[in-house]
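This report concerns only the one structure given below.
The values are calculated or read from the model by the stated rules, or taken from the named source; none is laboratory data. In this text, all values refer to a predicted model and were calculated from it rather than measured experimentally. Counting neighbours? That spans all protein chains shown, and the Cβs are built from the backbone with ideal geometry, glycine included.
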Amino acid sequence: MELKYRPEIDGLRALAVVPVILFHAGFKMFGGGFIGVDVFFVISGYLITTIIVKDVEAGTFSFLEFYERRARRILPALFLVMVCCLPFAWMWMMPIELAEFSSSVLSVSLFASNALFWWQSGYFESAAELKPLLHTWSLAVEEQYYIMFPVAVLFLWRFGRRHGIWTMALIAMLSLALSEYVSRYHPSENFYFLPTRAWELMAGGLCSFVASKPLAIRDNIMSMAGFIAIAISVFMFDETTPIPSLYALLPVLGTCAVLHYAKDGTFVQSALSAKPMVGLGLISYGAYLWHQPLFAFARIRSLREPTWLLMFSLTLGSIALAYLTWIFLEAPVRRKIGRLLPNPRALFFSLGSIAAVFMLVGAAGIFEEGFAQRIPKAASEITASSSDIGQYRNKCLDYPTSDDDFVSQNCHLGLEGKKIDFLLFGDSFAAALADRVSVAARQAGYAGLLYALHACPPIIGIGGTWDQTRSRCVLYQNAMVAIVSRLKPKIVILNAAWTQLESQRLIAENSPAATTGYDAFYANTIETVKKIKESGASVYVVCCTPRALNKIDIPRSYAKLSMLGIDDDIRQTKVELERDNRTALAIFKSDDFSRYATLIDVEEDFCKSEKCDLLRGAHALFFDKAHLSRYGSEQLAPTLTHIFQGTQDILAK
């Protein structure tokens with residue numbers, strides 16, 4: 001358990017931080033770059049376990065000294081980065097963004113940001129790219145671990161070293177098993193929370209207990225194998241890889257192999273001990289802290305995805321800032337002789353005071369709802385569209401557990417108190433459309449019901465975008481067919497995020513088609529409208545509403561353009577709209593489809609010229625990236641009214 005300086009560990013830190021930064025910069029080659037955090041966890045577990053156990057066994061362990069070292073290592077640079085974020089957040093963020101940022105400032109100060117970012121959004125969602133402090137989730141996980149770990153070691157070592165090691169190994173295996181299970185059903189919780197991450201830190205800790213005599217051939221082979229395992233993870237994994245899970249064993253065990261076998265004289269040890277690698281490793285913590293705010297604010301300011309040249313420049317900028325932070329802050333605070341804040345009392349008082357100020361700043365931003373009064377009136381009016389959400393979205397957009405759940409939902413459209421004439425099926429897009437459908441139906445004397453389910457198209461056999469929604473989509477689609485057969489409506493309207501059809505590659509168990517891809521989408525769609533048509537209903541499919549370029553939030557983006565005085569056209573062209581919906585339109589315009597259903601193409605309602613409107617006056621037509629606001633759905637009044645009036649004419653004949 002002797003701890004001596006190993007330059008190759010700093011080189012390993014460099015190997016971990018660079019892929020993380022390049023992944024967040026958007027360089028596709030580094031699709032698994034996020035596993036750099038897993039590598040950091042293993043290194044941290046290795047070093048901290050060595051320190052704690054050495055002191056415990058020597059009888060010299062002190063909680064005060066341990067947390068003083070952690071505070072000197074983590075907090076000064078972190079607080080500097082947070083301070084630098086504040087003015088840019090104030091200048092460039094819209095109120096709701098600033099309120100969310102304020103929440104992150106508060107949670108980071110409490111080492112609880114992993115819980116906050118889990119609650120706000122997933123790590124791989126596009127909204128996550130706009131969160132300057134997103135990366136602090138890993139610091140929260142580490143510090144939560146090191147609140148409990150020293151206590152656990154002190155307790156377990158009372159029963160002997162061997163007992164403590166085996167208990168650690170058992171807990172690590174349980175944590176790994178938990179991460180594998182939770183990754184299948186709750187991937188976001190799995191990614192962010194300590195219980196499913198603890199095994200990675202413990203893997204490094206357990207590695208510190210293993211000793212072996214140098215053996216050149218074996219050490220070269222095993223350390224190189226570990227290096228290759230990390231490289232494979234960086235270049236072969238992507239955001240669809242469930243991490244942590246059994247997949248994470250590749251980078252974790254690879255890191256353990258490098259830590260244990262990269263002994264003096266091995267090729268890997270020599271490569272990682274090279275001065276550039278060691279130098280980058282020494283400032284790796286600062287580089288990790290700086291890169292995400294730089295990238296996030298670049299994306300916040302520009303609206304459009306920054307160019308690769310800008311992101312590469314910001315990557316170099318994060319390294320330069322890390323170097324300055326190391327020279328002027330980290331090293332002076334951490335060095336033994338002549339250091340800043342030389343005694344624990346001064347350190348904890350200073351850092352505690354700064355943390356308290358951040359908590360007050362964060363609380364103020366939350367309480368004042370992002371200080372909405374600081375933005376111009378025109379921007380404020382546009383921002384209001386973010387709240388212009390129809391009543392049916394939250395009321396009727398839910399996951400069912402049985403057919404009865406659908407029937408019992410109080411989601412009536414149009415008239416009430418009479419026989420059901422029509423049904424509206426779909427995902428969140430259908431729920432956003434429901435307000436205007438209800439008005440048109442009421443005017444025509446129709447009564448109907450809405451059945452909407454997150455991320456599930458109303459097409460038999462096409463599963464959800466995520467594994468955990470697949471079974472729910474099957475249930476939803478089975479219920480849809482059963483309800484149509486039971487109620488025998490005159491009209492059935494289908495609406496969904498048709499642009500996502502190509503990503504819906506999980507063919508459900510009740511799929512009429514045996515293959516995936518376009519053929520399956522085509523066969524399933526035709527089979528769906530055919531079954532509905534056979535019940536006696538007229539079938540209408542509503543498609544396709546536009547989006548902003550880069551799929552950015554529409555009200556926030558227009559408000560930001562107004563606030564910052566930027567002249568930028570974020571609208572799609574008709575060509576781009578049709579390209580995004582090419583799969584759906586190819587099916588909906590086919591002869592087979594037209595035998596059973598009618599396409600209601602709403603392109604002309606939004607695209608009066610070559611470009612498609614996203615804003616009319618001070619009103620955004622969408623309350624987020626793609627869902628119609630109530631004002632936006634009102635633009636479809638003539639089209640939706642025609643559905644019911646046209647059906648009346650057909651029935652009259």
For this session: Would you check which residues across region 415-446 are under 20 Å from K488 (Cα atoms), of a type outside the set (A, V, I, L, M) and in contact with a Lys or Arg (Cβ under 7 Å, 6 or more places away or on another chain) and list them?
Result: D421, F422
For this session: Those residues that are crowded, with 18+ Cβ neighbours inside 10 Å and in contact with an Asp or Glu (Cβ under 8 Å, 6 or more places away or on another chain), I need them from region 290-326; list them, please.
Result: F295, A296, R299, I300, L303
Seminar exercise, completed: Restricting region 616-638 to residues that are under 27 Å from the mean Cα position of the chain (by Cα) and assigned to a strand (DSSP E or B), the one surrounded by the fewest Cβ atoms within 10 Å (Cβ to Cβ) turns out to be F622
Problem set entry | Filter result for the condition that a residue is basic (K, R), farther than 30 Å from M91 by Cβ and out of contact with any strand residue (DSSP E or B) (no Cβ under 6 Å at 6 or more places or on another chain), over R304, R299, R335 | R335
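Yes/no per residue for (1) charged (D, E, K, R); (2) over 15 Å from C544 (Cβ atoms); (3) in a helix (DSSP H, G or I):
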| position | (1), (2), (3) |
| --- | --- |
| P555 | no, yes, yes |
| L561 | no, yes, yes |
| D568 | yes, yes, no |
| R595 | yes, yes, yes |
Exercise. What are the residues in region 424-450 that are surrounded by 24 or more Cβ atoms within 10 Å (Cβ to Cβ) and more than 22 Å from S629 (Cβ to Cβ), if any?
Worked result: Y446
Exercise. Going through region 204-231 one residue at a time, which ones are out of contact with any Phe, Trp or Tyr (no Cβ under 8 Å at 6 or more places or on another chain) and either among the basic types (K, R) or under 20 Å from G33 (Cα atoms) (or both)?
Worked result: K213, A225, F227, I228, A229, I230, A231
For this session: Go over the candidates A287, A296 one by one and state the one that is closer than 17 Å to M82 by Cα, touching a residue at least 12 places away in the same chain (Cβ under 8 Å), touching a Leu at 6+ places or on another chain (Cβ under 6 Å) and in the same structural domain as F79 (by TED's automatic domain parsing).
Result: A296
Problem set entry | Residue check, R339 of a type outside the set (S, T, Y) and more than 31 Å from the chain's Cα centre (by Cα) | yes
Exercise. Does L329 satisfy the condition of being surrounded by 15 or more Cβ atoms within 10 Å (Cβ to Cβ), touching a Ser or Thr at 6+ places or on another chain (Cβ under 9 Å) and farther than 20 Å from V20 by Cα?
Worked result: no
Exercise. Quick check, is I554 farther than 16 Å from I382 by Cα and surrounded by 18 or more Cβ atoms within 10 Å (Cβ to Cβ)?
Worked result: no
For this session: Scan region 166-185 and report the pairs whose first residue is touching a residue at least 40 places away in the same chain (Cβ under 8 Å) and whose second residue is surrounded by fewer than 18 Cβ atoms within 10 Å (Cβ to Cβ), with Cβ atoms within less than 6 Å and a gap of 6+ or a chain change.
Result: E180/L246; Y185/Q468
